[in-house]
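K.L.:
Structure below; questions to follow.
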Amino acid sequence: MGAGHSVVAVDNFITGSPDNLRQLDGHPQFRFIQADVTQPGWDAGIAAEQFEYVWHLASLASPVDYLKYPLETLETGSTATRNLLEVARRCRAAFLVTSTSEVYGDPLEHPQTEQYWGNVNSIGPRSCYDESKRFAEAITMAYHRVHGVRTAIARIFNTYGPRMALNDGRVVPAFVDQALRGEALTVFGDGSQTRSFCYVSDLVEGLIRLMHSGFHEPVNLGNPAEMTMLQFAESIQAKTGTQSRIVFRPLPQDDPKRRRPDITRAKQVLDWEPQVPFDEGMALTIEYFSSLVPA
Ligand code: UDP
C-alpha cells in the first residue's frame, strides 16, 4: 500500500490474528475478507476483481500447528495453491507462492542450495507441511509451463519478528515467552540442531523483489547466520536477563538436524541479502513480546 497499490487480503484466522490487522481498519486502499481459500465459494467477494499480483502466503507455519491441523495444512498447500493460481490465470496477474526450507526435509547437503532435491519422509508427522509445499511448487511450475502464468517460488527459511503468535510453539516465541515469564527454556533434544533466523522485514523485501523479478525457479530467502538451539537458548537468556534455566525435552520426530540457506541465487537474481543483524532483530522482537507478557 505504501507503493500505491490497493490490497485485498483473505484469511480464515486459523492461526492468524485480527489484532495484526487493526492498524489497517478503515484504510481506503485495504479490504479484508474472512474466508478459507481451500473451500468452494471462498472467492465470492472477489469474483469481479482484476488483480495485478496474487500472493499466496497462506499456511500454518508452526510444526505445533500443522501437527494439530494436518488436513487443513495439506489443503492449503494443494487446493488453495490451485485456487489462487486460477485467480492469477484469470487476471493475467503475476503469482508468488511461499514455499519453505522444509522441501529439503532433514537435509543431507549443507548449506542448502535450490538445486538440492531434499530428504523428506513422505509419511511422517511433518509430511503434511513438507509434501503439500512440494506439491505447491509442482503445480506452480505446471501453471507456468501449461498456462504461461508468471510465477515465483520463495523457499522461506526460519523467520521471526514482532506479531508472531506468542503461543504458536515455534522456538523464537517459545523461548522469549518462557524467559519473560521466568519459566525454564525447553530445548528439544541435546540442542545441537541448527537453524538460521531471518528478520521479518528482510524477508518481506526479498518477497517483493522476487515478485517483480520475472524469475520462475525457486529462490531461497533466509539469513545464513546459523546457530544451535542451545546457543539460541543461551542468547535469549542473556538478552532478556532472565533467571530462567535451560531444560532438555525429547526431540520431535523428523526434526531437521541442520538448516542454513545458500543465498547465492537471491544475491545474483534479486540483489538481496539480509540487512538486519540478529541482535537488532531480536531486540525488536523481545520488545514486542514484552508488551504482551505481564511483567
Ligand atoms: N525447539 C526447541 N524448543 C522449543 C521449540 C522448538 O528446542 O520449545 C527446536 C525444534 O526442535 C527445532 C528448532 O527449535 O529444532 C526450530 O523449531 P521451530 O518449531 O521454530 O521450527 P522448525 O525450524 O522446526 O520448523
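K.L.:
How do the helices (runs of 4 or more DSSP H) wholly within the stretch 192-293 filter down when requiring 1 or more residues that are more than 23 Å from Ala138 (Cα to Cα) and of a type in the set (A, V, I, L, M, F, W, C): which remain?
P.N.:
Details: elements: 200-211, 229-240, 264-270, 278-290.
Where helices (runs of 4 or more DSSP H) fall fully within the stretch 192-293 and carry at least 1 residues being more than 23 Å from Ala138 (Cα to Cα) and of a type in the set (A, V, I, L, M, F, W, C), they are 200-211, 229-240, 278-290.
K.L.:
Which of (1) hydroxyl-bearing (Ser, Thr, Tyr); (2) open to solvent by less than 30 Å² (accessible area, probe 1.4 Å); (3) under 17 Å from Gln237 (Cβ atoms) does Thr151 not meet, given it meets every other one?
P.N.:
Here Thr151 meets the rest and fails (3).
K.L.:
Here's something else I'd like to know. Checking the condition within 11 Å of the ligand (Cβ to nearest atom) and either surrounded by 22 or more Cβ atoms within 10 Å (Cβ to Cβ) or over 20 Å from Arg265 (Cβ atoms) (or both), which residue from Phe135, Phe157 passes?
P.N.:
Going through Phe135, Phe157 in turn, the sole match is Phe157.
K.L.:
If I go through the stretch 187-211 residue by residue, how many of them are exposed (fewer than 15 other Cβ atoms within 10 Å of the Cβ) and over 16 Å from Asn158 (Cα atoms)?
P.N.:
Going through the stretch 187-211 one residue at a time, the tally reaches 2.
K.L.:
Also, quick follow-up: Among the residues of the stretch 177-186, what is the count of those that are open to solvent by 10 Å² or more (accessible area, probe 1.4 Å), more than 8 Å from the ligand (Cβ to nearest atom), part of a helix (DSSP H, G or I) and within 14 Å of Ala233 (Cα to Cα)?
P.N.:
Residues in the stretch 177-186 being open to solvent by 10 Å² or more (accessible area, probe 1.4 Å), more than 8 Å from the ligand (Cβ to nearest atom), part of a helix (DSSP H, G or I) and within 14 Å of Ala233 (Cα to Cα): 2 in total.
K.L.:
May I ask you to verify whether Asp255 is acidic (Asp, Glu), surrounded by 12 or more Cβ atoms within 10 Å (Cβ to Cβ), in contact (Cβ under 8 Å) with a residue 12 or more places away in the chain and away from the ligand (no atom under 16 Å from the Cβ)?
P.N.:
Criteria not met by Asp255.
K.L.:
Among the residues of the stretch 90-125, which ones are open to solvent by 20 Å² or more (accessible area, probe 1.4 Å) and either closer than 20 Å to Lys68 by Cα or among the hydrophobic types (A, V, I, L, M, F, W, C) (or both)?
P.N.:
Once the filter is applied, which keeps residues that are open to solvent by 20 Å² or more (accessible area, probe 1.4 Å) and either closer than 20 Å to Lys68 by Cα or among the hydrophobic types (A, V, I, L, M, F, W, C) (or both), the stretch 90-125 yields Leu108, Trp117, Val120, Asn121, Ser122, Ile123, Pro125.
K.L.:
Please list, ordered by residue number, the strands (runs of 3 or more DSSP E) wholly in the stretch 1-114 having 1 or more residues that are within 16 Å of the ligand (Cβ to nearest atom).
P.N.:
On the way: elements: 7-11, 30-34, 53-56, 94-100.
Of the strands (runs of 3 or more DSSP E) lying wholly inside the stretch 1-114, those with at least 1 residues that are within 16 Å of the ligand (Cβ to nearest atom) span 94-100.
K.L.:
Collect the residues in the stretch 37-46 that are more than 12 Å from Leu84 (Cα to Cα) and either open to solvent by less than 80 Å² (accessible area, probe 1.4 Å) or among the hydroxyl-bearing types (Ser, Thr, Tyr) (or both), keeping them in residue-number order.
P.N.:
Of everything in the stretch 37-46, those that are more than 12 Å from Leu84 (Cα to Cα) and either open to solvent by less than 80 Å² (accessible area, probe 1.4 Å) or among the hydroxyl-bearing types (Ser, Thr, Tyr) (or both) turn out to be Gly41, Gly45.
K.L.:
Six or more apart or on different chains, Cβ atoms under 6 Å: show the pairs whose first residue is in the stretch 226-247 and over 16 Å from Ala174 (Cβ atoms) and whose second is open to solvent by 30 Å² or more (accessible area, probe 1.4 Å) and within 12 Å of the ligand (Cβ to nearest atom).
P.N.:
Pairs found: Glu226/Arg260.
K.L.:
Taking the stretch 160-176 as the search range and keeping residues that are assigned to a loop (DSSP other than H, G, I, E, B) and of a type in the set (Gly, Ala, Ser), which one is nearest to the ligand (Cβ to nearest atom)? Steps first, answer last, please.
P.N.:
Within the stretch 160-176, the subset assigned to a loop (DSSP other than H, G, I, E, B) is 161-170.
Now drop any that are not of a type in the set (Gly, Ala, Ser), which leaves 161, 165, 169.
Numbers: Gly161: 13, Ala165: 12, Gly169: 6 Å.
Among those residues, the one meeting the criterion is Gly169.
The values are calculated or read from the model by the stated rules, or taken from the named source; none is laboratory data. The structure displayed is predicted, hence computed values, not measured ones. We place every Cβ from the backbone using ideal geometry, glycine too, and count neighbours over all the protein chains shown. These accessible areas exclude ligands, DNA and RNA; they are computed on the full protein's heavy atoms, side chains included. Shrake-Rupley method; radii C 1.70, N 1.55, O 1.52, S 1.80 Å.
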